[in-house]
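Engineer: I'd like to ask some things about the structure below.
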Amino acid sequence: MDIYRSKWHCTLYMESRQGGRKENQDYCLFQDTHFGLLTVVCDGMGGGPAGALASSLAAQAIQRYVKNAPQAKTPDTVLTEAVRYANHCLRNHVKENRQLLGMGTTCVAVLVTARKLIAVHVGDSRLYHLRDMTTVMRTADHSVVGEMVRNGELTEEEARRAEMSNVITKVLGISDDIEPETDTSLLQQGDRIVLCTDGVWGKLPENMLTSRFCQKGDIKDNVHSLLNDIEANAEADYDNLSLCIVKINYKNEKQPLSYDNDTKNIQHDKEKNKGKEKKKRKILIPLLSFLCLASIVLNIFLLAEGKEDKPVYYPYEVTKKPEKGQPDEQRLNFEYEKRRNKVYEDSIKVLKDMVDRSSDKYINDILKEVNNLQNENNGDTKQIIRIKRDRQNKIINDIGKCKNQYQQNINKLKEVEKKIRTSKIIETKQNGEPSEDARKMIKTVTSDLKKIK
């Protein structure tokens, strides 16, 4: 599970599971941007080729577009354009790789700004905006049964149970032109924003589902227990499960950032705050100068009088050990400082070890999968290539997670990802062995990963 505390007054909890399928064709990502917290959930088309590839390419294209978009644009414009851009990228990829004809993905993407939620979606991956057990807003499914619900021909529950519930009427990657749907709503303290694929929302009645989303207690535990319950009652070949809950938290803020339709208000607020800070500095600097001068004079006076200052605590710096016969207070201060420093040092060591362990795990997993590309040779050629393609997608997914741990090596990781994405790395001879080009590529990738590690 991913837990992320955003600068946009919210905390995100996200988990994706493979379910009963051979691969996880869902793809989820999140990132703080100039426009708000970006969160994307995509569900690759299960019946089409490379559903996992479609969902990952689309999500990453949206992330790339939002990250690089001019700040003068409004968040809703940027997000809508980002989804259209993702469709354009998928179409180009299909044109360059005709064997992928028919691949596609649903998509729900949101920007959580300081006071507003912007949601853009295509297909039947959903967004719920919830407040005090009430649904403020929910995206409308682009599906056959979704249209029937809107026309009053079916209830939500009838649609959920219908045999044609998975027939989608709008999807990224199938046609050159796409018209995503955009929804907005205003946010309040304690609101919950939920993004999920049909593997989650299709398993429970609407009222039961929203009550589980709003359940009190630790949200991390809520996400785990909900997915566990779905899996416990699912059929053998149940769908991938992806769930993200974002909780809005203005509790520690005097007032949310003034963010209406664009970033101009934020810039204005920053300029106002800068002016206030300058005024404060004009007052504080002379005052601090006077206090420093007074402190120096006082210390000189105390030294001249032969008096000692009380030991002061500084992290990683311990006062000189008192000699025998000195007051108990000084000895107690010394021991206290020593213990506090030990706690600081131990805490930092534990945190570093945790980061190193989690980072190494990703690299080790990637190395293992890369080596498996070379060793996979059981079965016919088509089966081997299909298994290798699955491994290729898993490696790409792990690299995405690894980027967060290795910011200083981000460019090297991007180079590795670029090599992994090529068709050359899964080239296979008629006898099932990797081609010479594939062996060379695997050797290069392995060497690059070991350098990063």
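The values are calculated or read from the model by the stated rules, or taken from the named source; none is laboratory data. Just so you know, these numbers come straight off a predicted model, no measurement behind them. Every residue, glycine among them, receives a Cβ derived from its backbone with ideal geometry; neighbour counts consider all protein chains shown. Quick note on the areas: whole protein, heavy atoms, side chains included, nothing else; ligands and nucleic acids left out. Shrake-Rupley method; radii C 1.70, N 1.55, O 1.52, S 1.80 Å.
Engineer: Can we say Glu206 is at pLDDT 90 or above, open to solvent by 30 Å² or more (accessible area, probe 1.4 Å) and within 18 Å of Asp229 (Cα to Cα)? First the steps, then the outcome.
Structural biologist: On the way: at pLDDT 90 or above: yes; open to solvent by 30 Å² or more (accessible area, probe 1.4 Å): yes; within 18 Å of Asp229 (Cα to Cα): yes.
Yes, satisfied.
Results for (1) assigned to a helix (DSSP H, G or I); (2) surrounded by 12 or more Cβ atoms within 10 Å (Cβ to Cβ); (3) modelled with pLDDT under 65; (4) within 30 Å of the chain's Cα centre (by Cα), shown as yes or no for each residue.
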site	(1), (2), (3), (4)
Tyr336	yes, yes, yes, no
Arg340	yes, yes, yes, no
Ser347	yes, no, yes, yes
Lys352	yes, no, yes, yes
Glu369	yes, yes, no, yes
Gln392	yes, yes, no, yes
Glu415	yes, yes, no, yes
Gly432	no, yes, no, no
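Engineer: What's the total number of residues in the stretch 56-73 that are of a type in the set (S, T, N, Q) and buried (at least 16 other Cβ atoms within 10 Å of the Cβ)?
Structural biologist: We begin by selecting, within the stretch 56-73, every residue of a type in the set (S, T, N, Q); these are 56, 60, 63, 68, 71.
Add one more test, that the residue is buried (at least 16 other Cβ atoms within 10 Å of the Cβ), and what stays is 56, 60, 63.
Final tally of qualifying residues: 3.
Engineer: Considering the stretch 425-443 alone, what residues qualify as being touching a residue at least 12 places away in the same chain (Cβ under 8 Å), of a type outside the set (Lys, Arg) and closer than 13 Å to Leu373 by Cα?
Structural biologist: Those that are touching a residue at least 12 places away in the same chain (Cβ under 8 Å), of a type outside the set (Lys, Arg) and closer than 13 Å to Leu373 by Cα: Ile425, Ile426, Thr428, Gly432, Glu433, Pro434, Asp437, Ala438, Met441, Ile442.
Engineer: State whether the residues of the stretch 34-48 include one that is at positive phi, open to solvent by less than 10 Å² (accessible area, probe 1.4 Å) and either within 18 Å of the chain's Cα centre (by Cα) or free of Cβ contacts under 8 Å to residues at least 24 places away in the same chain (or both).
Structural biologist: Looking only at the stretch 34-48, we keep the residues that are at positive phi, and these are 36.
With open to solvent by less than 10 Å² (accessible area, probe 1.4 Å) added as a condition, the list becomes 36.
From what's left, either within 18 Å of the chain's Cα centre (by Cα) or free of Cβ contacts under 8 Å to residues at least 24 places away in the same chain (or both): 36.
Scanning the stretch 34-48, I find at least one residue that is at positive phi, open to solvent by less than 10 Å² (accessible area, probe 1.4 Å) and either within 18 Å of the chain's Cα centre (by Cα) or free of Cβ contacts under 8 Å to residues at least 24 places away in the same chain (or both), so the answer is yes.
Engineer: Does the stretch 149-165 hold any residues that are open to solvent by 60 Å² or more (accessible area, probe 1.4 Å) and free of Cβ contacts under 8 Å to residues at least 40 places away in the same chain, and which are they?
Structural biologist: Within the stretch 149-165, Arg150, Asn151, Gly152, Glu153, Thr155, Glu158, Arg161, Glu163, Met164 qualify.
Engineer: Follow-up. Could you check the stretch 179-200 and list, in sequence order, the residues that are closer than 23 Å to Ala159 by Cβ, open to solvent by less than 20 Å² (accessible area, probe 1.4 Å) and not in a strand (DSSP E or B)?
Structural biologist: Pro180, Thr197, Gly199, Val200
Engineer: For Asp132, work out the one condition from (1) of a type in the set (Asp, Glu); (2) open to solvent by 50 Å² or more (accessible area, probe 1.4 Å); (3) more than 25 Å from Lys216 (Cβ to Cβ) it doesn't fulfil.
Structural biologist: (3)
Engineer: In the stretch 5-62, how many are of a type in the set (Asp, Glu) and farther than 26 Å from Glu81 by Cα? Explain how you work it out, then say what you get.
Structural biologist: Pass one, the stretch 5-62, residues of a type in the set (Asp, Glu): 15, 23, 26, 32, 43.
Subset that is farther than 26 Å from Glu81 by Cα: 15, 23.
Of the residues in that region, 2 qualify.
Engineer: I would also like to ask the following. Which condition from (1) closer than 26 Å to Ile385 by Cβ; (2) modelled with pLDDT of 95 or more; (3) assigned to a helix (DSSP H, G or I) is the one that Val83 breaks?
Structural biologist: Of the numbered conditions (1) closer than 26 Å to Ile385 by Cβ; (2) modelled with pLDDT of 95 or more; (3) assigned to a helix (DSSP H, G or I), the odd one out for Val83 is (1).
Engineer: For the stretch 101-113, does any single residue satisfy the condition of being free of Cβ contacts under 8 Å to residues at least 60 places away in the same chain, closer than 19 Å to Val194 by Cβ and open to solvent by less than 10 Å² (accessible area, probe 1.4 Å)?
Structural biologist: Within the stretch 101-113, the first condition is being free of Cβ contacts under 8 Å to residues at least 60 places away in the same chain, and the residues that meet it are 101.
Filter once more, keeping what is closer than 19 Å to Val194 by Cβ: none.
No, the conditions are met nowhere in the stretch 101-113.
Engineer: Which one of these does Arg21 not meet: (1) outside any helix (DSSP H, G or I); (2) open to solvent by 50 Å² or more (accessible area, probe 1.4 Å); (3) without any contact (Cβ under 8 Å) to a residue 40 or more places away in the chain?
Structural biologist: Condition (3) is where Arg21 drops out.
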